[in-house]
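These notes are about the structure you will find just below.
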Amino acid sequence: MSGLFVTLEGGDGVGKTTQAQLLTAWVEGLGRTVVRTREPGGTALGLTLRELLLHTEGPVDPRAEALLYAADRAQHVAEVVRPALARGDLVLQDRYIDSSLAYQGAGRTLGDGDVRGLSEWATGALWPDLTILLDLDPATAAVRRASGRGEADRLEAEKLDFHERVRDEFLALAAAEPERFLVLDAAGSVDEIQAAIRDRLTPLL
Ligand code: TYD
């Protein structure tokens, strides 16, 4: 059996974690092994990088930020993702290259080309089989974040226009590759969103 690489993308506070938990339980119930993982922080090295990325005080240069995410990604793909796919597992991952394109490429305005090249170099150009984009307007997402969790991390604390650039880029990436992306309105109910994800995934299993 060949592995399947599925990523979840979207802004902060759109409900990726809830959907991933439900999807994992469902796929495991079908008898398939799921490797649930995330970036940044899917390895021991990555956890250290995650701390640096999200909680460093003071300015972090956008290029330094892009390189740290790429370093996390290189380690994660080599240590976790490729071995799992080689075993035939389903890898269900929170965030991947599209997050770098949206946050560093568009949010930090580094542009698509360099950020894409960096991630392709870091991963040997490993792209997901399916990317689920949970789309939500950033103002609504900010309200959800404020009510649901603790203090905002370094990226979450960015202004609304940053998060608007991130959202627009995710939608542009999805429009450019409609065969890879499933775009869902994250304002819908948890059950509706989950049902749409299962429908799209079923023929791939
Ligand atoms: P995430 O783990 O989704 O945050 P949380 O656990 O708080 O839901 O992601 C952490 C942050 O990192 C998020 O704001 C998006 C950002 N990020 C990038 O800017 N570039 C990247 O390449 C990745 C993977 C994440």
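Pairing each residue of the stretch 46-60 that is open to solvent by less than 80 Å² (accessible area, probe 1.4 Å) and part of a helix (DSSP H, G or I) with any residue that is within 10 Å of the ligand (Cβ to nearest atom) and modelled with pLDDT under 95, provided the two are 6+ apart or on different chains, yields C-beta distances under 9 Å for Leu53/Asp153; Leu53/Arg154; Leu53/Leu155; Leu54/Asp153; Leu54/Arg154; Leu54/Leu155; Leu54/Glu156.
Within the stretch 1-37, being assigned to a helix (DSSP H, G or I) and open to solvent by 30 Å² or more (accessible area, probe 1.4 Å) holds for Thr17, Thr18, Gln21, Leu22, Ala25, Trp26, Glu28, Gly29. Go through the stretch 71-97 and give me each residue that's near the ligand (Cβ under 8 Å from one of its atoms) and assigned to a helix (DSSP H, G or I). Those that are near the ligand (Cβ under 8 Å from one of its atoms) and assigned to a helix (DSSP H, G or I): Asp72, Arg73, Ile97.
Listed by first and then second residue, the pairs linking a residue in the stretch 19-44 that is free of Cβ contacts under 8 Å to residues at least 60 places away in the same chain and within 16 Å of the ligand (Cβ to nearest atom) to a residue that is open to solvent by less than 80 Å² (accessible area, probe 1.4 Å) and part of a strand (DSSP E or B), with Cβ atoms under 6 Å apart and 6 or more places separating them unless they lie on different chains, are Arg36/Leu92; Thr37/Gln93; Arg38/Asp94. Would you be able to say whether some residue in the stretch 133-140 is of a type in the set (Ser, Thr, Tyr), over 23 Å from Gly46 (Cα atoms) and in a helix (DSSP H, G or I)? Looking for residues that are of a type in the set (Ser, Thr, Tyr), over 23 Å from Gly46 (Cα atoms) and in a helix (DSSP H, G or I), one finds at least one in the stretch 133-140, hence yes.
The values are calculated or read from the model by the stated rules, or taken from the named source; none is laboratory data. A quick note: this is a predicted structure, and the numbers were derived from the prediction, not measured. Cβ coordinates were reconstructed from backbone atoms using ideal geometry, including for glycine residues, and neighbour counts include every protein chain displayed. Heads up: the accessible areas ignore ligands, DNA and RNA and are worked out on the full protein's heavy atoms, side chains in. Shrake-Rupley method; radii C 1.70, N 1.55, O 1.52, S 1.80 Å.
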